[in-house]
Each structure stands twice: as C-alpha cells, then as structure tokens.
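Worksheet: the structure to be examined is printed underneath.
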Amino acid sequence: MRTTIGLVGCGRWGTVHHATLTSLKERGHLDRLVVCDIDADALQSVDADGHYRSIEDMLAEERLTGVAIVTPPETHLSLARQVLAVDLPVFIEKPLASSTADETEFLSMLPENATVMVGYLLRHHAGLNRIKSAIDDHAMNIETISYRRRTTRPKPEGADPLNTLAVHGLDTARYLTGHPLVDMDVRKLELMESSAKIWLGTRSSIITIDVAWEAEEEQRTLAVQGTMSGAVLDFGTGDVAWYAGAGSEEAPLVEHFPSQPLEKQWLSFLQRVADGVPGIVPEHESLLDVSAWLSHHRPTESVPR
C-alpha cells in the first residue's frame, strides 16, 4: 500500500516537519507528501507532490494514509475532527487545544479505533530516553530536574512562553517522574512576555524550568541529579554526560545520541499506522494533566515585558 501523508500548515514549524518528511520520503518511509495551507505564498515555497488551499479539498482528492496538523493552536481541534471524520490517523502539534475543557471534550469523544499523536517530540529523544531508562531501572534516582530552553530567536507573534516553550519542560518533568503536574507544589512562577521560570516540588524532588526567547545564547539542556549520580543532556548536540556523586570533581562519561527526535516521532507514527495500532500518544492522562496545569497558571492579563 502506498503511503501518502498530508501536511496541514506550512509556517515556520510546518517547514521543519516538511524537511523531516521529505528526508523520510527520500529514504523510502513514505511514497507521497502533499501539503495544505491557506497562505498561497507559503504554499508555493514548499516542494511537494500536491498543493491544496483547503483541507476539505485535500481530504476529498487524495488517498491519504495520515495527516499532520501544524497550524495555530486554536485551529487544531476543528481540523483534527475533519481528519478523524474520514477515519484517518492524525498527528497534531502541541498544544492539542487552547483550553482544558475543549481538550477533555475532544479526547472523550474520540472513536475507539482513532490514532492520535500529539507533538511532544522530546519523549522521542534517544538521550532523554536513556536517562529515563536509568531512572526506571533504579540506577539513578531524582532529587532535582533542571530544564532549560533559551533561544536567541525573536518571540513569535501571538505565542506565550508557557504554552510554546515551557510546555516541553512540564511534559518532560511528568514523563521522568511519573508524578502528575497538578499535584506538584508550585514553589515559584516568574512569567514575563518572552520568558518564564517555574519551580515545582514533589515529596522527593525539586524541578526548575527556565525558558526564554531573545536570550543572549542558545541553551537546550536537561540536568537530572540523584543521590549518587547525575546526568546532563544537551538537546543541541545529543550528548549525555554522566556524573558520579555531585558531578563536580571527575570528568563525566559522555554518550552521544545523534538521532533527531522529530524524525523518531514520525517513524513511530508511521509504524503505528502501518501496524494498524490505534491509540493516543502521549496517553490521555498526561495530555489532560499538562493542559490542566497550563490552564490554571495561564495569565489572565498582560504580563511584564
């Protein structure tokens, strides 16, 4: 059976998906890639096997294997419903919805045979999963987690640091600890227009999340410290440095994980579709937990610059 993926949204992040899918197509993981965007200029700049100005036309004219929705968050659910109405698997960029109520309703109404993957791509990073394996195998415990994503890029119009940047740190904290975010203590929350700092606490660990646009330098790190050992993942290089003790006296053991998490996520989606395995990824409970935390702490008025 020929594999045809429809990509809806050709903005900045949509072009990243396009590049990943084009690379996978060149290596035989899919046969055709078609794109859809209401912006004719954005559409013309993207090389694909088919171009559409509306999702209705794309769904009607193509024999699709699956659809990716990489559009503004407020459009995610309406577009996803159109895809699911014709029994197609759907990959939706995060956040799934703009409100917990909308997300809860959407998830509760999903058909049993639906295949839905939401774009928490760090769960597919080989270095992060190496650290998670060490935690799950009790080779390392968690006393502190420090997530940092600071970028020199300008703040995108309409974006906020919690939903766009900090959300990955929040999901990573839940993924590693298995502890619901809504049950964690919020020790401190500093929210600015282009940055956010969050301090969370569980019974046994402290979690810090530090994110920003327009920073002085690019920083993409996750540090996990336990009682007897620690690890630092550099998302940019793919290196995981393992430290004994407090990690300040001896040179670390370094492992390198060059794989790209977005590619891993797409391969996981394509394999799930090929195998005919329905389900929601991440699991229903995690999606609602992140959504509920963001909904509770999202600012109701403008924040300082």
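The values are calculated or read from the model by the stated rules, or taken from the named source; none is laboratory data. For clarity, every value in this text was computed on a predicted model and none was experimentally measured. Reconstructed Cβ throughout: ideal geometry from the backbone, glycine too, with neighbour counts over all protein chains shown.
For the reader, a short list of remarks on this structure follows.
- Residue in segment 168-185 that is in a strand (DSSP E or B) and either under 30 Å from Arg2 (Cβ atoms) or not hydroxyl-bearing (Ser, Thr, Tyr) (or both) present: yes
- Filter result (touching a residue at least 12 places away in the same chain (Cβ under 8 Å) and assigned to a helix (DSSP H, G or I)) within segment 58-77: Met58, Leu59, Pro73, Glu74, His76, Leu77
- When segment 25-45 is filtered for residues that are in contact with a strand residue (DSSP E or B) (Cβ under 9 Å, 6 or more places away or on another chain) and buried (at least 17 other Cβ atoms within 10 Å of the Cβ), the ones remaining, listed by number, are Lys25, Leu30, Arg32, Leu33, Val34, Val35, Cys36, Asp37.
- Condition met for Glu250 (at pLDDT below 95, loosely packed, with under 13 Cβ neighbours inside 10 Å, part of a loop (DSSP other than H, G, I, E, B) and assigned by TED's automatic domain parsing to the domain that holds Leu191): yes
- Any hit, segment 188-200, residues being touching a strand residue (DSSP E or B) at 6+ places or on another chain (Cβ under 9 Å) and under 20 Å from Leu287 (Cβ atoms): yes
- Looking across Asp275, Asp210, one residue alone is modelled with pLDDT of 90 or more, in the same structural domain as Leu165 (by TED's automatic domain parsing) and among the acidic types (Asp, Glu). It is Asp210.
- Residue match in segment 129-139 (condition: in contact with a helix residue (DSSP H, G or I) (Cβ under 9 Å, 6 or more places away or on another chain) and in a loop (DSSP other than H, G, I, E, B)): yes
- Out of Leu270, Leu222, Leu233, one residue alone is modelled with pLDDT of 95 or more, in contact with a helix residue (DSSP H, G or I) (Cβ under 6 Å, 6 or more places away or on another chain) and within 25 Å of Met117 (Cα to Cα). It is Leu233.
- Tally of residues being of a type in the set (Ser, Thr, Tyr) and within 22 Å of the chain's Cα centre (by Cα) across segment 190-242: 5
- For segment 220-247, taking the residues that are of a type in the set (Phe, Trp, Tyr) and within 19 Å of Asp136 (Cα to Cα), the one that is surrounded by the most Cβ atoms within 10 Å (Cβ to Cβ) is identified as Tyr243.
- Test: residue in segment 9-16 that is in contact with a Phe, Trp or Tyr (Cβ under 7 Å, 6 or more places away or on another chain) and either outside any loop (DSSP other than H, G, I, E, B) or surrounded by 13 or more Cβ atoms within 10 Å (Cβ to Cβ) (or both): no
- When segment 157-167 is filtered for residues that are in a helix (DSSP H, G or I), in contact (Cβ under 8 Å) with a residue 40 or more places away in the chain and farther than 18 Å from Thr144 by Cβ, the ones remaining, listed by number, are Pro161, Leu162, Asn163, Leu165, Val167.
- Look at segment 266-295: where a residue is part of a strand (DSSP E or B) and a partner is surrounded by 15 or more Cβ atoms within 10 Å (Cβ to Cβ), sitting 6+ places away or on another chain with Cβ atoms under 6 Å, you get Ile280/Val116; Val281/Met117.
- Some residue of segment 48-60 being polar (S, T, N, Q), closer than 25 Å to Glu157 by Cβ and at pLDDT 95 or above: yes
- If you go through segment 144-162 and pick out every residue that is charged (D, E, K, R) and loosely packed, with under 14 Cβ neighbours inside 10 Å, you end up with 2.
- Of all residue pairs spaced 6 or more apart or on separate chains, those with beta-carbon atoms under 6 Å, a first member in segment 93-114 that is closer than 24 Å to His168 by Cα and a second member that is among the polar types (S, T, N, Q) are Pro95/Asn163; Thr100/Ser291; Thr100/Ser295; Glu103/Ser291.
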